[in-house]
(Lines give C-alpha, C1' and ligand atoms only; values in the text may rest on other atoms or scores of the structure.)
Protein backbone atom coordinates (compact mmCIF):
# COMPACT_ATOMS: atom_id res chain seq x y z
CA UNK A 1 0.00 0.00 0.00
CA UNK A 2 1.54 3.31 -1.07
CA UNK A 3 1.02 5.17 2.18
CA UNK A 4 3.82 6.82 4.10
CA UNK A 5 4.50 4.96 7.31
CA UNK A 6 5.83 6.72 10.37
CA UNK A 7 9.03 5.49 11.96
CA UNK A 8 6.95 3.77 14.65
CA UNK A 9 4.78 2.05 12.03
CA UNK A 10 7.83 0.95 10.07
CA UNK A 11 9.24 -0.56 13.25
CA UNK A 12 5.96 -2.36 13.89
CA UNK A 13 5.94 -3.76 10.34
CA UNK A 14 9.50 -5.01 10.77
CA UNK A 15 8.53 -6.62 14.09
CA UNK A 16 5.56 -8.37 12.48
CA UNK A 17 7.70 -9.71 9.63
CA UNK A 18 10.39 -10.95 11.98
CA UNK A 19 7.85 -12.59 14.30
CA UNK A 20 6.00 -14.39 11.50
CA UNK A 21 9.23 -15.55 9.87
CA UNK A 22 10.38 -17.01 13.18
CA UNK A 23 7.13 -18.37 14.63
CA UNK A 24 4.81 -19.46 11.80
CA UNK A 25 5.16 -23.28 11.55
CA UNK A 26 6.55 -24.28 8.20
CA UNK A 27 3.93 -26.97 7.53
CA UNK A 28 1.12 -24.46 8.04
CA UNK A 29 2.82 -21.87 5.83
CA UNK A 30 3.18 -24.40 3.01
CA UNK A 31 -0.44 -25.48 3.26
CA UNK A 32 -1.57 -21.87 2.92
CA UNK A 33 0.89 -21.12 0.11
CA UNK A 34 -0.25 -24.16 -1.88
CA UNK A 35 -4.02 -23.82 -1.19
CA UNK A 36 -4.19 -27.01 0.85
CA UNK A 37 -6.93 -27.84 3.35
CA UNK A 38 -6.34 -26.58 6.91
CA UNK A 39 -7.45 -28.66 9.88
CA UNK A 40 -8.68 -27.28 13.21
CA UNK A 41 -5.26 -27.89 14.75
CA UNK A 42 -3.58 -25.79 12.05
CA UNK A 43 -5.73 -22.77 12.86
CA UNK A 44 -5.46 -23.24 16.61
CA UNK A 45 -1.68 -23.70 16.65
CA UNK A 46 -1.10 -20.42 14.84
CA UNK A 47 -3.73 -18.49 16.78
CA UNK A 48 -2.31 -19.69 20.08
CA UNK A 49 1.15 -18.57 18.98
CA UNK A 50 -0.35 -15.14 18.29
CA UNK A 51 -2.22 -15.32 21.59
CA UNK A 52 0.99 -15.78 23.57
CA UNK A 53 2.31 -12.65 21.87
CA UNK A 54 -0.95 -10.81 22.58
CA UNK A 55 -1.56 -10.32 18.86
CA UNK A 56 -4.65 -12.51 18.42
CA UNK A 57 -6.55 -9.63 20.03
CA UNK A 58 -4.08 -6.87 19.21
CA UNK A 59 -6.79 -4.31 18.43
CA UNK A 60 -8.58 -4.78 21.79
CA UNK A 61 -8.30 -1.99 24.38
CA UNK A 62 -5.46 -2.46 26.86
CA UNK A 63 -7.89 -2.69 29.76
CA UNK A 64 -9.17 -5.96 28.29
CA UNK A 65 -5.74 -7.41 27.51
CA UNK A 66 -5.22 -6.03 24.01
CA UNK A 67 -2.51 -3.79 22.57
CA UNK A 68 -4.88 -1.05 21.37
CA UNK A 69 -3.52 -1.29 17.83
CA UNK A 70 -4.07 1.76 15.70
CA UNK A 71 -6.02 1.37 12.43
CA UNK A 72 -2.75 1.45 10.51
CA UNK A 73 -1.24 -1.27 12.71
CA UNK A 74 -4.28 -3.46 12.05
CA UNK A 75 -3.89 -2.99 8.30
CA UNK A 76 -0.12 -3.56 8.46
CA UNK A 77 -0.59 -6.82 10.36
CA UNK A 78 -3.20 -8.15 7.92
CA UNK A 79 -1.19 -7.16 4.86
CA UNK A 80 2.04 -8.74 6.13
CA UNK A 81 0.15 -11.87 7.25
CA UNK A 82 -1.18 -12.23 3.71
CA UNK A 83 2.22 -11.73 2.12
CA UNK A 84 3.82 -14.32 4.41
CA UNK A 85 1.18 -17.07 3.98
CA UNK A 86 -0.45 -16.98 7.40
CA UNK A 87 -3.78 -18.79 7.84
CA UNK A 88 -6.98 -16.78 7.89
CA UNK A 89 -7.74 -15.98 11.52
CA UNK A 90 -10.99 -17.33 12.94
CA UNK A 91 -12.37 -13.96 13.97
CA UNK A 92 -15.64 -15.07 15.59
CA UNK A 93 -13.99 -14.69 18.99
CA UNK A 94 -11.57 -11.73 18.78
CA UNK A 95 -13.36 -9.49 16.26
CA UNK A 96 -17.01 -10.38 16.82
CA UNK A 97 -18.22 -11.74 20.16
CA UNK A 98 -15.18 -10.47 22.10
CA UNK A 99 -16.00 -6.76 21.56
CA UNK A 100 -19.66 -7.48 22.36
CA UNK A 101 -18.70 -9.14 25.65
CA UNK A 102 -16.27 -6.45 26.79
CA UNK A 103 -18.71 -3.70 25.75
CA UNK A 104 -22.04 -5.10 26.98
CA UNK A 105 -21.21 -8.14 29.14
CA UNK A 106 -21.27 -8.55 32.90
CA UNK A 107 -18.04 -8.71 34.92
CA UNK A 108 -18.60 -12.46 35.31
CA UNK A 109 -19.01 -12.93 31.54
CA UNK A 110 -15.85 -10.94 30.88
CA UNK A 111 -13.89 -12.99 33.41
CA UNK A 112 -15.15 -16.28 31.97
CA UNK A 113 -14.78 -15.63 28.25
CA UNK A 114 -12.26 -12.89 27.44
CA UNK A 115 -9.09 -14.75 28.61
CA UNK A 116 -10.03 -17.83 26.55
CA UNK A 117 -10.61 -15.64 23.47
CA UNK A 118 -7.29 -13.84 23.95
CA UNK A 119 -5.25 -17.04 24.07
CA UNK A 120 -7.41 -18.87 21.48
CA UNK A 121 -8.11 -21.82 23.74
CA UNK A 122 -11.81 -21.63 22.81
CA UNK A 123 -13.26 -21.59 19.28
CA UNK A 124 -16.47 -19.59 18.73
CA UNK A 125 -19.08 -19.81 15.98
CA UNK A 126 -21.91 -17.47 15.00
CA UNK A 127 -25.56 -18.53 15.26
CA UNK A 128 -27.39 -15.94 13.16
CA UNK A 129 -28.80 -17.24 9.85
CA UNK A 130 -31.76 -19.60 9.71
CA UNK A 131 -33.53 -21.36 6.81
CA UNK A 132 -36.03 -18.47 6.66
CA UNK A 133 -33.82 -15.69 7.98
CA UNK A 134 -30.58 -14.89 6.22
CA UNK A 135 -30.07 -11.33 5.04
CA UNK A 136 -33.49 -10.62 6.59
CA UNK A 137 -32.12 -11.53 9.99
CA UNK A 138 -35.05 -10.03 11.93
CA UNK A 139 -37.21 -12.91 10.62
CA UNK A 140 -35.39 -15.44 12.83
CA UNK A 141 -37.59 -17.93 14.70
CA UNK A 142 -35.25 -19.91 17.01
CA UNK A 143 -37.03 -19.52 20.34
CA UNK A 144 -35.64 -19.24 23.87
CA UNK A 145 -38.41 -19.81 26.40
CA UNK A 146 -37.94 -18.45 29.92
CA UNK A 147 -37.67 -21.31 32.43
CA UNK A 148 -36.45 -19.57 35.56
CA UNK A 149 -32.67 -19.80 35.78
CA UNK A 150 -32.49 -21.18 32.23
CA UNK A 151 -33.75 -20.60 28.72
CA UNK A 152 -35.06 -23.61 26.79
CA UNK A 153 -33.91 -23.17 23.19
CA UNK A 154 -35.60 -24.78 20.17
CA UNK A 155 -35.00 -24.09 16.50
CA UNK A 156 -32.36 -24.26 13.81
CA UNK A 157 -29.41 -22.24 12.53
CA UNK A 158 -27.95 -22.72 9.04
CA UNK A 159 -24.68 -22.02 7.20
CA UNK A 160 -22.90 -21.97 10.57
CA UNK A 161 -19.21 -21.69 9.71
CA UNK A 162 -16.97 -24.16 11.56
CA UNK A 163 -19.66 -25.13 14.07
CA UNK A 164 -18.13 -28.63 14.00
CA UNK A 165 -14.92 -27.10 15.44
CA UNK A 166 -16.59 -24.71 17.88
CA UNK A 167 -16.68 -24.85 21.67
CA UNK A 168 -19.17 -21.96 22.05
CA UNK A 169 -21.73 -20.17 19.90
CA UNK A 170 -23.01 -16.60 20.17
CA UNK A 171 -26.60 -16.86 19.08
CA UNK A 172 -29.57 -14.65 18.29
CA UNK A 173 -32.79 -16.09 19.71
CA UNK A 174 -36.38 -14.93 19.93
CA UNK A 175 -37.51 -14.23 23.48
CA UNK A 176 -40.58 -12.16 22.61
CA UNK A 177 -43.13 -11.73 19.82
CA UNK A 178 -44.71 -8.40 20.73
CA UNK A 179 -44.10 -5.21 18.77
CA UNK A 180 -41.51 -4.90 16.02
CA UNK A 181 -39.67 -8.09 15.10
CA UNK A 182 -36.34 -6.66 16.24
CA UNK A 183 -37.66 -5.97 19.76
CA UNK A 184 -38.09 -9.63 20.64
CA UNK A 185 -34.53 -10.75 19.85
CA UNK A 186 -31.92 -11.56 22.51
CA UNK A 187 -28.20 -12.34 22.38
CA UNK A 188 -27.29 -15.64 24.04
CA UNK A 189 -23.98 -17.48 24.59
CA UNK A 190 -24.37 -21.25 24.17
CA UNK A 191 -21.92 -23.99 25.13
CA UNK A 192 -21.83 -26.37 22.13
CA UNK A 193 -21.61 -29.35 24.50
CA UNK A 194 -25.06 -28.54 25.87
CA UNK A 195 -27.45 -31.54 25.57
CA UNK A 196 -29.91 -30.89 22.76
CA UNK A 197 -27.40 -29.09 20.49
CA UNK A 198 -26.79 -31.09 17.30
CA UNK A 199 -24.39 -30.16 14.49
CA UNK A 200 -24.92 -31.59 11.00
CA UNK A 201 -22.33 -31.00 8.25
CA UNK A 202 -23.05 -29.25 4.95
CA UNK A 203 -20.55 -30.34 2.31
CA UNK A 204 -19.45 -27.72 -0.22
CA UNK A 205 -19.17 -28.31 -3.96
CA UNK A 206 -15.38 -28.07 -3.60
CA UNK A 207 -15.46 -31.12 -1.31
CA UNK A 208 -14.57 -29.23 1.84
CA UNK A 209 -16.47 -28.98 5.11
CA UNK A 210 -16.85 -25.41 6.34
CA UNK A 211 -20.56 -25.04 6.94
CA UNK A 212 -23.12 -26.73 9.13
CA UNK A 213 -26.74 -26.85 10.20
CA UNK A 214 -27.21 -26.58 13.97
CA UNK A 215 -30.36 -27.86 15.66
CA UNK A 216 -31.60 -27.00 19.16
CA UNK A 217 -33.95 -29.50 20.79
CA UNK A 218 -34.94 -28.36 24.30
CA UNK A 219 -31.36 -27.15 24.91
CA UNK A 220 -31.19 -25.64 28.40
CA UNK A 221 -28.96 -22.54 28.49
CA UNK A 222 -28.22 -20.78 31.80
CA UNK A 223 -29.83 -17.35 32.04
CA UNK A 224 -26.44 -15.93 33.10
CA UNK A 225 -25.34 -16.47 29.46
CA UNK A 226 -27.65 -13.68 28.26
CA UNK A 227 -25.71 -10.66 27.03
CA UNK A 228 -27.14 -7.37 28.24
CA UNK A 229 -30.89 -7.00 28.48
CA UNK A 230 -33.48 -9.40 27.18
CA UNK A 231 -34.98 -8.10 23.95
CA UNK A 232 -32.01 -5.87 23.07
CA UNK A 233 -30.11 -8.47 21.05
CA UNK A 234 -30.73 -6.56 17.82
CA UNK A 235 -28.71 -3.63 19.19
CA UNK A 236 -25.78 -5.90 20.07
CA UNK A 237 -26.08 -7.71 16.73
CA UNK A 238 -25.83 -4.45 14.76
CA UNK A 239 -22.74 -3.53 16.78
CA UNK A 240 -21.19 -6.90 15.91
CA UNK A 241 -22.19 -6.82 12.24
CA UNK A 242 -20.28 -3.58 11.71
CA UNK A 243 -17.15 -5.40 12.90
CA UNK A 244 -17.98 -8.46 10.77
CA UNK A 245 -18.26 -6.40 7.62
CA UNK A 246 -14.86 -4.86 8.33
CA UNK A 247 -13.49 -8.40 8.47
CA UNK A 248 -15.22 -9.07 5.16
CA UNK A 249 -12.86 -6.55 3.55
CA UNK A 250 -10.63 -9.65 3.27
CA UNK A 251 -7.32 -7.75 3.40
CA UNK A 252 -5.19 -10.77 4.25
CA UNK A 253 -6.90 -13.03 1.72
CA UNK A 254 -6.71 -10.49 -1.12
CA UNK A 255 -3.05 -9.71 -0.41
CA UNK A 256 -2.20 -13.41 -0.45
CA UNK A 257 -4.18 -14.17 -3.61
CA UNK A 258 -2.70 -11.19 -5.49
CA UNK A 259 0.78 -12.39 -4.59
CA UNK A 260 -0.15 -15.87 -5.82
CA UNK A 261 -1.61 -14.42 -9.04
CA UNK A 262 1.65 -12.67 -9.88
CA UNK A 263 3.60 -15.86 -9.13
CA UNK A 264 1.36 -17.98 -11.37
CA UNK A 265 1.48 -15.39 -14.17
CA UNK A 266 5.27 -15.58 -14.07
CA UNK A 267 5.24 -19.40 -14.28
CA UNK A 268 2.56 -20.07 -16.90
CA UNK A 269 3.72 -19.98 -20.53
CA UNK A 270 1.82 -19.94 -23.80
CA UNK A 271 3.56 -20.03 -27.18
CA UNK A 272 6.84 -19.60 -25.35
CA UNK A 273 5.78 -16.40 -23.60
CA UNK A 274 5.00 -15.81 -19.95
CA UNK A 275 1.46 -14.84 -19.04
CA UNK A 276 3.06 -11.99 -17.08
CA UNK A 277 4.16 -10.53 -20.44
CA UNK A 278 0.62 -10.54 -21.87
CA UNK A 279 -0.53 -6.87 -21.81
CA UNK A 280 -4.22 -7.80 -21.90
CA UNK A 281 -4.07 -10.14 -18.90
CA UNK A 282 -1.82 -7.87 -16.87
CA UNK A 283 -4.18 -4.95 -17.52
CA UNK A 284 -6.88 -7.01 -15.75
CA UNK A 285 -4.50 -7.63 -12.86
CA UNK A 286 -3.61 -3.95 -12.68
CA UNK A 287 -7.27 -2.94 -12.60
CA UNK A 288 -8.03 -5.15 -9.59
CA UNK A 289 -4.89 -3.91 -7.80
CA UNK A 290 -6.09 -0.31 -8.18
CA UNK A 291 -9.47 -1.30 -6.73
CA UNK A 292 -7.71 -2.98 -3.81
CA UNK A 293 -5.66 0.12 -3.01
CA UNK A 294 -8.84 2.19 -2.98
CA UNK A 295 -10.41 -0.36 -0.63
CA UNK A 296 -7.43 -0.16 1.74
CA UNK A 297 -7.70 3.62 1.92
CA UNK A 298 -11.46 3.46 2.49
CA UNK A 299 -11.00 0.88 5.24
CA UNK A 300 -8.29 2.98 6.88
CA UNK A 301 -10.62 5.99 6.93
CA UNK A 302 -13.39 3.96 8.55
CA UNK A 303 -11.06 2.39 11.13
CA UNK A 304 -9.69 5.85 11.94
CA UNK A 305 -13.23 7.10 12.56
CA UNK A 306 -13.92 4.13 14.82
CA UNK A 307 -10.62 4.68 16.65
CA UNK A 308 -11.71 8.27 17.30
CA UNK A 309 -14.93 7.04 18.87
CA UNK A 310 -17.28 7.41 15.91
CA UNK A 311 -19.33 4.34 14.89
CA UNK A 312 -18.48 2.75 11.56
CA UNK A 313 -22.06 3.29 10.44
CA UNK A 314 -24.03 0.86 8.26
CA UNK A 315 -23.34 2.75 5.02
CA UNK A 316 -19.56 2.72 5.42
CA UNK A 317 -19.31 -0.87 6.59
CA UNK A 318 -21.61 -1.99 3.76
CA UNK A 319 -19.35 -0.30 1.20
CA UNK A 320 -16.29 -2.06 2.62
CA UNK A 321 -18.09 -5.39 2.61
CA UNK A 322 -19.25 -5.05 -1.00
CA UNK A 323 -15.91 -3.97 -2.42
CA UNK A 324 -13.85 -6.43 -0.39
CA UNK A 325 -15.88 -9.43 -1.47
CA UNK A 326 -16.15 -8.36 -5.13
CA UNK A 327 -12.38 -7.79 -5.37
CA UNK A 328 -11.67 -11.17 -3.76
CA UNK A 329 -14.00 -12.89 -6.23
CA UNK A 330 -12.38 -11.17 -9.20
CA UNK A 331 -8.91 -12.28 -8.15
CA UNK A 332 -10.04 -15.91 -7.84
CA UNK A 333 -11.49 -15.65 -11.35
CA UNK A 334 -8.14 -14.43 -12.68
CA UNK A 335 -6.32 -17.26 -10.89
CA UNK A 336 -8.55 -19.86 -12.55
CA UNK A 337 -8.04 -18.14 -15.89
CA UNK A 338 -4.26 -18.08 -15.38
CA UNK A 339 -4.12 -21.76 -14.40
CA UNK A 340 -6.03 -22.80 -17.53
CA UNK A 341 -7.06 -26.43 -18.20
CA UNK A 342 -4.69 -27.72 -15.50
CA UNK A 343 -7.04 -26.29 -12.87
CA UNK A 344 -9.96 -28.47 -14.01
CA UNK A 345 -8.60 -31.66 -12.42
CA UNK A 346 -10.24 -32.42 -9.07
CA UNK A 347 -7.60 -34.09 -6.91
CA UNK A 348 -8.93 -34.56 -3.36
CA UNK A 349 -5.92 -36.59 -2.24
CA UNK A 350 -3.28 -33.87 -2.41
CA UNK A 351 -5.84 -31.11 -1.78
CA UNK A 352 -6.88 -32.55 1.58
CA UNK A 353 -3.67 -34.42 2.38
CA UNK A 354 -5.51 -37.74 2.44
CA UNK A 355 -4.44 -41.23 1.46
CA UNK A 356 -1.41 -42.12 -0.60
CA UNK A 357 -2.32 -39.79 -3.48
CA UNK A 358 -0.07 -37.00 -2.27
CA UNK A 359 1.58 -35.87 -5.51
CA UNK A 360 -0.60 -33.63 -7.70
CA UNK A 361 -0.97 -34.22 -11.40
CA UNK A 362 0.19 -31.15 -13.28
CA UNK A 363 1.64 -27.94 -11.80
CA UNK A 364 1.24 -27.44 -8.06
CA UNK A 365 -0.25 -23.97 -8.50
CA UNK A 366 -3.24 -25.41 -10.41
CA UNK A 367 -4.49 -27.63 -7.58
CA UNK A 368 -6.40 -25.08 -5.50
CA UNK A 369 -7.72 -22.21 -7.66
CA UNK A 370 -11.02 -23.81 -8.71
CA UNK A 371 -11.87 -24.93 -5.16
CA UNK A 372 -11.12 -21.42 -3.86
CA UNK A 373 -13.10 -19.85 -6.71
CA UNK A 374 -16.14 -22.03 -5.97
CA UNK A 375 -16.04 -21.23 -2.27
CA UNK A 376 -15.67 -17.49 -2.91
CA UNK A 377 -18.91 -17.43 -4.93
CA UNK A 378 -20.60 -17.22 -1.51
CA UNK A 379 -18.68 -14.09 -0.45
CA UNK A 380 -21.25 -11.71 -1.89
CA UNK A 381 -24.02 -13.60 -0.05
CA UNK A 382 -22.78 -14.36 3.45
CA UNK A 383 -22.57 -11.61 6.05
CA UNK A 384 -25.45 -9.85 4.28
CA UNK A 385 -25.86 -10.13 0.51
CA UNK A 386 -24.59 -7.43 -1.84
CA UNK A 387 -28.16 -6.53 -2.80
CA UNK A 388 -29.08 -5.95 0.84
CA UNK A 389 -25.87 -3.97 1.45
CA UNK A 390 -26.74 -1.67 -1.48
CA UNK A 391 -30.18 -1.04 0.02
CA UNK A 392 -28.54 -0.17 3.35
CA UNK A 393 -26.19 2.27 1.62
CA UNK A 394 -29.07 3.83 -0.29
CA UNK A 395 -31.00 4.37 2.95
CA UNK A 396 -28.26 5.48 5.34
CA UNK A 397 -25.73 7.14 3.02
CA UNK A 398 -27.99 8.63 0.35
CA UNK A 399 -31.22 9.04 2.30
CA UNK A 400 -33.27 7.26 -0.32
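Looking only at the stretch 64-85, decide whether some residue is under 17 Å from residue 29 (Cα atoms), part of a loop (DSSP other than H, G, I, E, B), in contact with a helix residue (DSSP H, G or I) (Cβ under 9 Å, 6 or more places away or on another chain) and not assigned by TED's automatic domain parsing to the domain that holds residue 170. Within the stretch 64-85, one or more residues are under 17 Å from residue 29 (Cα atoms), part of a loop (DSSP other than H, G, I, E, B), in contact with a helix residue (DSSP H, G or I) (Cβ under 9 Å, 6 or more places away or on another chain) and not assigned by TED's automatic domain parsing to the domain that holds residue 170. Reported count of residues in the stretch 87-103, each being over 27 Å from residue 215 (Cβ atoms) and more than 14 Å from the chain's Cα centre (by Cα), is 3. Among the numbered conditions (1) at pLDDT 95 or above; (2) within 23 Å of residue 169 (Cα to Cα), the only one that residue 91 does not meet is (1).
Taking the stretch 204-227 as the search range and keeping residues that are surrounded by fewer than 16 Cβ atoms within 10 Å (Cβ to Cβ) and under 19 Å from the mean Cα position of the chain (by Cα), which one is nearest to residue 105 (Cα to Cα)? Result: 209.
Summed over the stretch 30-51, the residues that are in a helix (DSSP H, G or I) and closer than 16 Å to residue 90 by Cα give a count of 13. Checking the structure you have, find out if any residue of the stretch 147-154 is more than 18 Å from residue 196 (Cβ to Cβ) and either modelled with pLDDT under 95 or in contact with a helix residue (DSSP H, G or I) (Cβ under 9 Å, 6 or more places away or on another chain) (or both). For the stretch 147-154, residues more than 18 Å from residue 196 (Cβ to Cβ) and either modelled with pLDDT under 95 or in contact with a helix residue (DSSP H, G or I) (Cβ under 9 Å, 6 or more places away or on another chain) (or both): absent. For the residues 341, 350, the requirement of being surrounded by fewer than 17 Cβ atoms within 10 Å (Cβ to Cβ) and closer than 22 Å to residue 260 by Cα singles out 341. Of the residues that make up the stretch 227-249, is at least one in contact with a helix residue (DSSP H, G or I) (Cβ under 9 Å, 6 or more places away or on another chain), assigned to a strand (DSSP E or B) and at pLDDT 95 or above? Taking every residue of the stretch 227-249 in turn, at least one turns out to be in contact with a helix residue (DSSP H, G or I) (Cβ under 9 Å, 6 or more places away or on another chain), assigned to a strand (DSSP E or B) and at pLDDT 95 or above.
The values are calculated or read from the model by the stated rules, or taken from the named source; none is laboratory data. Quantities reported herein were computed from a predicted structural model and do not represent experimental measurements. Please note: Cβ atoms are built from the backbone with ideal geometry, for glycine as well, and neighbour counts cover all protein chains shown.
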